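The values are calculated or read from the model by the stated rules, or taken from the named source; none is laboratory data. As the structure is a computational prediction, the values presented were derived from the model and not from experiment. Don't worry about glycine lacking a Cβ; one is built from the backbone with ideal geometry, like all the others, and counts go over all protein chains shown. Heads up: the accessible areas ignore ligands, DNA and RNA and are worked out on the full protein's heavy atoms, side chains in. Shrake-Rupley method; radii C 1.70, N 1.55, O 1.52, S 1.80 Å.
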Amino acid sequence: MAPRPAAVQGAKTGHNQEPEDGSIHIPTIALAGNPNTGKSTLFNGMTGLRQHIANYPGITVDLSTGFADIGGQRYRIVDLPGTYSLHSRKPDERIAVRSLFGTIGAGHSGRTGDSGPAKTGMNNKMPEADELSPPDLILNIVDSSNPDRNLFLTTQLMDTGIPMLVVLNMADLAREKGIDPDPERLERKLGVPVVSVSATERSAAGLIRDAIAGERFARPKPLGWRPEKALRKAVEHLVEHWVRPHSGLPAAAHIPEALRLISDEHPGTPFHDTLPPPGMQKVLEKAVDEARSIIRQAGGNPVAIEVLNRYEFIGGCTSGNATKTATASATATANANAKANTGATIPIADRIDTMVTHRILGPLFFALVLMLVFQSIFTWAEPFMDLIDLVFISSGMWLSANLPPGILTDVLVDGVLAGLGGVIIFLPQILFLFFFIHLLEGSGYMARAAFVMDRFMARLGMHGRSVVPLVSGFACAVPGIMATRSIESARDRFITIMVLPFMTCSARLPVYALLIAAFIPPTVVLGFLNLQGVVFFGLYMFGILTAVLAALVLNRMLPKEKHRPFVMELPDYRMPDWRTVLSNTFDRGRVFVVEAGRIIIAISIVLWFLASYPKTDVLPHIQGGDVALVEEEVEEEIEVDIDVDVDVEMGMEMEAEPGTGAEAGESAGGRELRNSYAGRIGRFIEPAIEPLGFDWKIGIGLITSFAAREVIVGTLNTIYSIQADNGSEEPLRQKLIGDTHPETGQPVYTIATALSLMVFFALAMQCMATIAVVRRETGTWKWPLVMFLGMTALAWVCSFVVYQVAGLLLG
Amino acid sequence: MLLKPILLAGKGEQFTIHSLGSNHEEVSGLQQLGCFEGATGRVVSGPSNLILQIGNTRLAISDRLARTIVIRSQ
């Protein structure tokens, strides 16, 4: 047994709170393993956090850190992105490897490598991850139902020499499949302790905690997987002549790096984010050549020998069969297949896969799934939305009736409550959207969707793996952009990042839902489809189509690169774990309410002030008797085209005869809003947005929505609440329908306006968080700026065309 | 037993992988997933949008990559 990491006497300050004394060393436990082995579930169990989990490889693309007190000792727990190998080049897997080595380029004197397309300047260097030292302990999470492939990484982790505990996870699933990895045998062979758990059972985290508390971990023996003598000698040679003296890598990375150099076709290409120091390339090449010669002289193949030796060792660990992998399961599947050939039952998973990955049926099935999801969102959420609307309206009425009139009541009712209610009403739709996305993720279908779409994505310059980030974009662009780390090619990844904000995220949903509910009749089309749902689906399709076109343009502009062929592990189909699905869904709902609510409350308060002041019933300088100035100002600001009857001498409220000016027919509240600070800002930008069919009130909403798209709904609700001087508590959509131009008496919102506004929101880049994450992932401000300007310009042009054409067609 | 590209294998056919003939990166990616010379498996669906069951791992492999995998039928 390895000595226990240095004890920490830190006070138990509660989970996930780092002790205030930063000088105390907290031992780090890294959860490492293949993708989709249940690492995040165990991480959640050990830390009490709620990291997003799903049933497809590549859901965790960044480091997650939490804390746990185990046996009186405080530990930092790090959930690493899943990786199949320490030699992988995919960005998410490299984060895992860098964390295990504690390298992150430290100690390197080499140049920074850049393997990305020249025109983007983007490469697959890691985005800034939290800098970490090598972990004190590795919890290697192994899928018990597939030990042969999982142990490949285990044997690589052994080479780091970092203390390990192997956790055979999903023991229940393995038993169902008739697989018993035999922990005791495995422990003997690997030379490190092994525990068997099922992550979905509540006791799993407890078993691991007990194992750690009982010091059931050990420092493995590097090269303990018994490589051939020639390979061992080659590794030692390379470590001695290159890795240790020149690479700058820490000890844990020495043997893994030597093995990578031996088998890599291009050992001099940048791997640890650096190139060899200038002048050292020849030293590297000589050392590698000599190491390979040792293997060749013994009759081995330097490129293949490591893999074969590892799988031979693994075969001995799991079944005693020295060369064939997964013999037992292969026999089982062979038996199943033999039955299938003789007309007996074909495994259900095979039948489903044949259908959902069919070249023609597969994409159709994918489209059908998306359509059903969007239809359901619109139909099922309606009663819940009505309920929320009722609660907010009743609360507003109650507050108005029970609080004394004054500024506080106005801010609370017309500002905060109106702004918040306007957005929270869409929570049910957002919950339904996330529910379905998590359901798809949990079922194992998402990886199949990626596969069937690969051929199509390749034509757009993307990869099948781009599908999962793009579908995540339906929920939110930020995690979608993060998820592109699972794409190996820098070019494919760049295109995916740039087009992802066109996907219809949940923040657009309130805008669409409001306008559709107000202006699209709920008629039945094709006998069973709701027209509102069809338009809703059409907007999602519009987002996808725009992303496709944008990808085609980028694909033509960027230097060509050979398409990387698709290969992906397909997870087993599983009945989604309802607890996980619901927990993930409500987490996202909570984030929506908290994050959006925070912005909306702040903006609503500021907006209430800007929209309520200055009070224009009695202009201050009128009382001072500056009649000429007032007359001039009124003419200028109110754009009076006919005489305005302003009784300045009497100091009376400005009034205009109906139909005689800009404020004719406008309520007192409307006039007040028009002349408020917000009104002035809106009218200032009105000339730029008028060709799109937007008036100055929508203009105010457009400005606030650049913080986050959904804010426009709260903004409009606040604006219309202030404008409504008759105490109207009707829903926002009714207020929009009833709003008229004071000059003409014509409705402000027509179907053309609504379509134009929806198109603007479909295309414009109105999300600060997305801009920030694009900056982080591309490593430059250039691309977020291009994205912002390009998308906004595109939005203006398309909205203009839509408004003008729709105006002509619909009158 | 005849050697052939896996694309020519029929649905349900069992095989042993004889060679992986594409470039190093692709070979390495396949090996990490348990698809290495000597491994046994069967074709779940294909030949277009090929799905293989190798051991307990179900792999989706594009046509281009599948052309480089040579198998021996069992």
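This table checks each residue for (1) under 27 Å from A:Ala490 (Cα atoms); (2) surrounded by 24 or more Cβ atoms within 10 Å (Cβ to Cβ); (3) away from chain B (no Cβ under 14 Å); (4) at pLDDT 80 or above.
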residue	(1), (2), (3), (4)
A:Pro19	no, no, yes, no
A:Gly22	no, no, yes, no
A:Gly33	yes, yes, no, yes
A:Ser40	yes, yes, yes, yes
A:Ala54	yes, yes, yes, no
A:Gly66	no, no, yes, yes
A:Arg76	no, no, yes, yes
A:Ser85	yes, no, no, yes
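Residues of segment A:430-457 that are in contact with a Phe, Trp or Tyr (Cβ under 6 Å, 6 or more places away or on another chain) and either within 14 Å of another protein chain (Cβ to nearest Cβ) or basic (Lys, Arg) (or both): A:Gly444, A:Met446, A:Ala447, A:Ala449, A:Asp454.
Yes/no matrix, rows are residues, columns are (1) open to solvent by 70 Å² or more (accessible area, probe 1.4 Å); (2) farther than 30 Å from A:Ser145 by Cβ:
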site: A:Phe536; (1), (2): no, yes
site: A:Ala547; (1), (2): no, yes
site: A:Arg556; (1), (2): yes, yes
site: A:Pro559; (1), (2): no, yes
site: A:His563; (1), (2): no, yes
site: A:Arg579; (1), (2): yes, no
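With respect to B:Arg58, determine if the residue is open to solvent by 20 Å² or more (accessible area, probe 1.4 Å), at pLDDT 90 or above and within 8 Å of chain A (Cβ to nearest Cβ). Against the criterion (open to solvent by 20 Å² or more (accessible area, probe 1.4 Å), at pLDDT 90 or above and within 8 Å of chain A (Cβ to nearest Cβ)), B:Arg58 qualifies. Looking at A:Leu173, A:Leu153, just one residue is open to solvent by 10 Å² or more (accessible area, probe 1.4 Å), part of a helix (DSSP H, G or I), within 14 Å of chain B (Cβ to nearest Cβ) and of a type in the set (A, V, I, L, M, F, W, C), and that residue is A:Leu173. Name the residue that is farthest from A:Gly543 (Cα to Cα), counting only residues in segment A:488-517 that are modelled with pLDDT of 85 or more and of a type in the set (Ser, Thr, Tyr). Restricting to residues being modelled with pLDDT of 85 or more and of a type in the set (Ser, Thr, Tyr), the top hit is A:Ser489.
Open to solvent by 20 Å² or more (accessible area, probe 1.4 Å) and at the interface with chain A (Cβ under 7 Å from one of its Cβ atoms): which single residue out of B:Arg42, B:Arg64 fits that description? Before the answer, list the steps.
On the way: B:Arg42 fails: open to solvent by 20 Å² or more (accessible area, probe 1.4 Å).
After applying the criteria, what remains is B:Arg64.
Scan segment A:458-487 for residues that are within 14 Å of another protein chain (Cβ to nearest Cβ) and over 24 Å from A:Asp572 (Cβ atoms) and the total you get is 3.
Look at (1) over 30 Å from A:Ala490 (Cβ atoms); (2) open to solvent by 10 Å² or more (accessible area, probe 1.4 Å); (3) not charged (D, E, K, R) and you find that A:Leu716 fails only one, number (2). Based on this model, can you work out whether A:Val774 counts as open to solvent by less than 20 Å² (accessible area, probe 1.4 Å), in contact with a strand residue (DSSP E or B) (Cβ under 7 Å, 6 or more places away or on another chain) and more than 20 Å from A:Phe609 (Cβ to Cβ)? Against the criterion (open to solvent by less than 20 Å² (accessible area, probe 1.4 Å), in contact with a strand residue (DSSP E or B) (Cβ under 7 Å, 6 or more places away or on another chain) and more than 20 Å from A:Phe609 (Cβ to Cβ)), A:Val774 does not qualify.
For A:Glu632, are the conditions met, namely being at pLDDT below 50 and within 51 Å of the chain's Cα centre (by Cα)? Walk me through how you get there before you give the answer.
Values: at pLDDT below 50: yes; within 51 Å of the chain's Cα centre (by Cα): no.
In short, no.
Among the residues making up segment B:11-32, those that are more than 7 Å from every other protein chain (Cβ to nearest Cβ) and either of a type in the set (A, V, I, L, M, F, W, C) or under 10 Å from the mean Cα position of the chain (by Cα) (or both) are B:Phe15, B:Thr16, B:Ile17, B:His18, B:Ser19, B:Leu20, B:Val27.
Out of B:Leu50, B:Leu8, one residue alone is more than 7 Å from every other protein chain (Cβ to nearest Cβ) and more than 16 Å from A:Met568 (Cβ to Cβ). It is B:Leu8. Taking first residues from segment A:688-701 that are among the basic types (Lys, Arg) and partners that are surrounded by fewer than 23 Cβ atoms within 10 Å (Cβ to Cβ), the Cβ contacts under 8 Å between residues at least 6 apart in sequence or on separate chains come to A:Lys697/A:Asp739; A:Lys697/A:Val748. Looking only at segment A:176-199, count how many residues are assigned to a helix (DSSP H, G or I) and in contact with a helix residue (DSSP H, G or I) (Cβ under 6 Å, 6 or more places away or on another chain). Qualifying residue count for the region: 2. Scanning segment A:442-467 for residues that are over 20 Å from A:Arg359 (Cβ atoms) and open to solvent by 10 Å² or more (accessible area, probe 1.4 Å) returns A:Gly442, A:Ser443.
Pairing residues of segment A:345-364 that are farther than 21 Å from A:Met457 by Cβ and at the interface with chain B (Cβ under 7 Å from one of its Cβ atoms) with residues that are of a type in the set (D, E, K, R) and surrounded by 14 or more Cβ atoms within 10 Å (Cβ to Cβ), at Cβ distances under 9 Å and at least 6 apart in sequence or on separate chains, gives A:Asp350/B:Lys11; A:Thr354/B:Lys11. Please state which of the following conditions A:Gly807 fails to meet, knowing it meets all the rest: (1) open to solvent by less than 60 Å² (accessible area, probe 1.4 Å); (2) at pLDDT 85 or above; (3) within 23 Å of the chain's Cα centre (by Cα). Looking at each condition in turn, A:Gly807 falls short on (3).
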